[in-house]
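The next block holds one structure in the form of structure tokens; read it before the comments.
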Amino acid sequence: MNKAYDNRGYMIGIDLHGVKHKDVEKKVHDAICQMDLPFIVITGHSTHMRNLVREAVKSFGLKADVSIINDARMVISESR
């Protein structure tokens, strides 16, 4: 598994800029399988992209919340 934070203390994640909507689910599923939680997904400000990410993580029993620090990012974490 990849660590959740880099050596500077920043959360590691994936960037969906330029990813076609039809490819979001696979990209997010791959990240879930390869990365430790929590991790970030850079979505930009697209409501549709955020909804696609939320749907993609649901099947793993995870949640995707818009970051309070940067609203162009979502934090993927365990549902509690």
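The values are calculated or read from the model by the stated rules, or taken from the named source; none is laboratory data. Since this is a predicted model, take the numbers as computed values, not measurements. Note that we place each Cβ from the backbone using ideal geometry, even for glycine, and neighbour counts take in every protein chain shown. SASA here: full protein model, heavy atoms, side chains in, ligands and nucleic acids out. Shrake-Rupley method; radii C 1.70, N 1.55, O 1.52, S 1.80 Å.
Residues in region 46-77 that are exposed (fewer than 11 other Cβ atoms within 10 Å of the Cβ) and at pLDDT 95 or above: Thr47, His48, Gly61.
Within region 1-45, the set of residues being among the aromatic types (Phe, Trp, Tyr) and open to solvent by 40 Å² or more (accessible area, probe 1.4 Å) comprises Tyr5, Tyr10.
Scanning region 39-80 for residues that are acidic (Asp, Glu) and either out of contact with any strand residue (DSSP E or B) (no Cβ under 9 Å at 6 or more places or on another chain) or under 15 Å from His29 (Cβ atoms) (or both) gives Glu55, Asp71.
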